[in-house]
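A.B. asks: Following this message is one structure expressed as C-alpha cells.
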There are 2 protein chains.
Amino acid sequence: MTGNLKTVSDIIGASYDTLTRAEKQLAETLLDNYPVSGLVSITALAENARVSTPTVVRMVQKLGFSGFPDFQSRLHQELEETISNPISKHDRWAADAPGTHILNRFADAVVANMRDSLAHISIPDFDRAAAELSNRKKPVYLAGGRITHALADYFFTHLQVIRSGVTLISTNRSTWPQYVLNMRPGNVLVLFDIRRYEQEMETMARIAAERGIFIILFTDTWGSPIVKHAKVVFRLNIEVPSAWDSSVMTLVLVEALIEAVQSANWDSTRERMSDLEELFDTTSLFRRPMRKEKRGKQQN
Amino acid sequence: MTGNLKTVSDIIGASYDTLTRAEKQLAETLLDNYPVSGLVSITALAENARVSTPTVVRMVQKLGFSGFPDFQSRLHQELEETISNPISKHDRWAADAPGTHILNRFADAVVANMRDSLAHISIPDFDRAAAELSNRKKPVYLAGGRITHALADYFFTHLQVIRSGVTLISTNRSTWPQYVLNMRPGNVLVLFDIRRYEQEMETMARIAAERGIFIILFTDTWGSPIVKHAKVVFRLNIEVPSAWDSSVMTLVLVEALIEAVQSANWDSTRERMSDLEELFDTTSLFRRPMRKEKRGKQQN
DNA sequence: TCGCTTCTGAAATTATCTTTTCAAAAAATG
DNA sequence: CATTTTTTGAAAAGATAATTTCAGAAGCGA
C-alpha cells in the first residue's frame, strides 16, 4: 500500500500530485517543521493547516494508512529512530541497497549532504565564527563527544599551529568543570554534539553560556539540546548508507574554518609555522630537514 | 509555576528527589529517549513506564503543569524549537553566498577530489582491505601522523565497537617498537601517511612488513615511501584551496570501510552494539539504567 | 502489632479526539 | 448553462484519552 518508500515525507512527496487543494495545503503544513508538526492531535493539525479534520483523515487514508493514529505512530517511530541509536538505523538502510558498491553509494550520499548542508549554512554565521576564532585575545576551548572527539582533536591540532591560547578539553568528563572554571566571559567554546546527544555536554554548555562564553556548535539537522545555548550553530547533514552517521560534512566545515582563520592573519601564522617546522626538525629522531617552501603546505 | 527552569527535563531533574517510587519510574521512562517518549498518549506512556494513568497525571501536576495536555504541549514546543526544519529557510543562501566564498570553493574542491579519488580506487583493493579488517582472528593496529592521528583515532573508535582486537598506536614515537614487537604475521596494520611523510612511520612499516604484517596505507597521490611495504594502498586527492591539505577524502574512505566491515558480520556487531549501549546507559552520570521493552500502542 | 499516613491503580466519569455521515460548495463535463 | 462528479467541512456518532474518585496496598512510627 505505502509502496517501498521509507519515510512518511517520501510517501507524501510521491503522492503529492494526486492530492487535492486542501490536502496539498495540509501536506505543506506537515512537511514544514517535519515531523514534529504531525505529532499533535488531528484537531490541532487540522487547525494549523486551516482544513477540516475529515480532510486529514481522508488524506492519510489516501496515503495508505489505516487512519490518523496509524499515520501518527509511524511518524513517531520515525522520529524515535532518527533521534536515537544506530542499531535501528542499519536495518533501515540495508533494505534499499541498490546493488551498487558501497563506495559509490557513500560518495553519492556525501555529495548530497554537502549540497544540502551548504544550502543551510548561514554565511554570516560562518564569518562570525571565523572572526571569533581568529581573535587571538580570546582563548578557545574545544570538546567533542565519544565519536566526535576525533574532530575536535583535528581542529585543535590545526588551530594550535595557527594561534596560541587553544585548549582541547579532555575526554574525561569528570575534569570538565575545571575547564569551565578557567573560561572567562568572551572566551570561545567549540562543541561537537551529534546524536546521540550527551547530557554532560549540555550541562557544560549551559553553565558556560551562563558565564558569557561564546559557544560555536557543530550538530546534525535534528539539533542537539545545546542549540539554545550556542551563539553560532552549524547544522549538518550526516546521513549516509551506514549504521553510523557521517562526520564528513563536519570535517569539511572544520577545514573551511581553519582556512578562514588562517587567512585572517596569515603573516603571524606564517611565522609560527616556520618556527614550528624548525622545532620538528630538531626534535625528530629520523627526519632530515626537507624544506619544500611551497607556500607553506603542511600535513602530517 | 514551573519556576525559571528551562526545559521539562530540567524540571524533572530538579524535583526528582521529591518524586515517589512510581513517579521516579515514570521519570526514567520520560528521560530515556527524551523527549520523544513523552509525545504519546497518556495511556501509552503509562503502559511504557508500567505505572497507572493517574500516576502520570499526579506527577505532571506535581511538576507544575495544569494537566497532561499542558505537559505534552510543552514537550512538543521544546522539540519544535530544537529541531526547526531546515527546509523552511531553504532559499536563503542563493542570494548571499557568492560563488567565491571560501565555503563554496571548498565544497567544489572536495567534490572534485571525490570524483578523482574514486576513479582511482581499486574496488578489489577496497574489498580486500575490508575483508582483512573484518576477520576477527586478526588483530588490527592503527597509527597516524601528527595531523592524521585524528583520523586513526576516528577509525579506531568505530572499529572498536564493531570488533575486538583493535589497538590504536600511541602518538608517542618512542613506544612504537613495542607495538611492532606484539604484532604477529597476518596481523593488520593500518597507516595514515600524508605529506610530509614521517621517517619513523616508514621505519615501523618496513619492520612490520618484514615480519609478515598486512599493511593498509592511506596516503596522497604522490605516495609515501611506505607504498612499497603496503599490501593495499589508497591514494587520495587532498588538495583544497587552503594552506593545508584536506583530510575529507580520507575520512570518506574510512567511513566507507567502517560500513563495509560492519555489514560483513552485522549480527555479531549488533550484539556488541547493544551491549555497549547498555554499558553507556549504566556508566553515565545522568542516564540511569531502565530496561523496558517498547509496546506498539501510541497515540497523541 | 496497631493505627496512621502516603501511595497506587481499578473503575467510573468527563473531556477530547477520530471517524463517519451527509449536504452544500466547487470544479469538471457535455 | 445544466448536470454530474468531486471536494469540502459541519455536525453527529463512535472511540479513545484524561481526570477524578475511592478503596486497598504499602510504608512508617510507636
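The values are calculated or read from the model by the stated rules, or taken from the named source; none is laboratory data. If you're wondering where the values come from, they're calculated on a predicted model, not measured in any experiment. Note that each Cβ is placed from the backbone with ideal geometry, even for glycine, and that neighbours are counted across all protein chains shown. In case anyone asks, the SASA skips ligands and DNA or RNA and just uses the protein heavy atoms, side chains included. Shrake-Rupley method; radii C 1.70, N 1.55, O 1.52, S 1.80 Å.
A.B. asks: Roughly how large is the B-A contact in terms of buried accessible area, totalled over both chains, probe 1.4 Å, nearest 100 Å²? Each step should come with its number before you reach the end.
C.D. replies: Working: alone 17140 and 16710 Å², together 25140 Å².
Buried area between the two chains comes out at roughly 8700 Å².
A.B. asks: What does the copy distance list look like for B:Arg105, label position 7 Å along Cα→Cβ, in nm and ordered from shortest?
C.D. replies: Label point to label point, same position, other copies: 3.6 nm.
A.B. asks: Loop only per DSSP, at most 10 neighbouring Cβ atoms within 10 Å: give me the trypsin sites (Lys or Arg not before Pro) in segment B:128-209, ordered by residue number.
C.D. replies: On the way: sites: B:Arg128, B:Arg136, B:Lys137, B:Arg146, B:Arg163, B:Arg173, B:Arg195, B:Arg196, B:Arg206; in loops: B:Arg136, B:Lys137, B:Arg146, B:Arg163, B:Arg195, B:Arg196.
Listed in order of number, the matching sites are B:Lys137.
A.B. asks: So, with a 1.4 angstrom probe, what is the percent of accessible area on segment B:8-84 that is carbon and sulfur? Mind dumping the intermediate values first?
C.D. replies: Values: 1500 of 2920 Å².
Whole-percent figure for carbon plus sulfur exposure: 51.
A.B. asks: What is the spin-label model distance, in nm, from A:Val111 to B:Lys62 if the labels are put 7 Å beyond Cα along the C-beta direction?
C.D. replies: Those two pseudo-labels are separated by 5.7 nm.
A.B. asks: So, one more: Spelling out what I want: for every residue of segment B:254-268, take phi, set θ = phi - 60°, compute 6.51 cos²θ - 1.76 cosθ + 1.60 (Karplus), and round to whole Hz; glycine and proline get x.
C.D. replies: Couplings: 4, 5, 4, 5, 4, 5, 4, 5, 5, 6, 4, 9, 5, 4, 6 Hz.
A.B. asks: Taking 18 Å as the cut-off for C-alpha to C-alpha distance, list the pairs among B:Lys24/B:Lys62; B:Lys137/B:Lys228; B:Lys138/B:Lys231; A:Lys24/A:Lys62 that go past it.
C.D. replies: Beyond 18 Å: B:Lys137/B:Lys228.
A.B. asks: Using the alpha carbon gyration tensor of segment B:1-78, what are the three equivalent-ellipsoid semi-axes (square root of 5 times each eigenvalue), largest first, in whole Å?
C.D. replies: Working: eigenvalues 54, 39, 27 Å².
So the three semi-axes of segment B:1-78 are 16, 14, 12 Å.
A.B. asks: Between copies, how far does the label point of A:Asp70 sit from its twins, in nm, shortest first, when each point is 7 Å from Cα along Cα→Cβ?
C.D. replies: Sorted ascending, the copy-to-copy spacings read 3.6 nm.
A.B. asks: Which value, to two decimals, describes the C-alpha radius of gyration of segment B:100-264 once divided by 2.2 N^0.38 Å? Can you show the working numbers first?
C.D. replies: Details: Rg = 15.5 Å, N = 165, 2.2 N^0.38 = 15.3 Å.
In units of the 2.2 N^0.38 Å rule of thumb, it is 1.01.
A.B. asks: Let me ask something else about it. Nm distances between the label at A:Pro177 and the same-position labels in the remaining copies, 7 Å along Cα→Cβ, shortest first?
C.D. replies: Taking the point 7 Å beyond Cα along Cα→Cβ, the inter-copy spacings are 4.5 nm.
A.B. asks: Rounded to the nearest whole Å², what accessible area per residue is found for segment B:100-264 with the 1.4 Å probe?
C.D. replies: Details: 5480 Å² over 165 residues.
Counting only protein heavy atoms, the per-residue value for segment B:100-264 is 33 Å².
A.B. asks: Please give the per residue accessible area of segment B:8-84, computed with a probe of 1.4 Å over protein heavy atoms only, in Å².
C.D. replies: Numbers: 2920 Å² over 77 residues.
That works out to 38 Å² for each residue.
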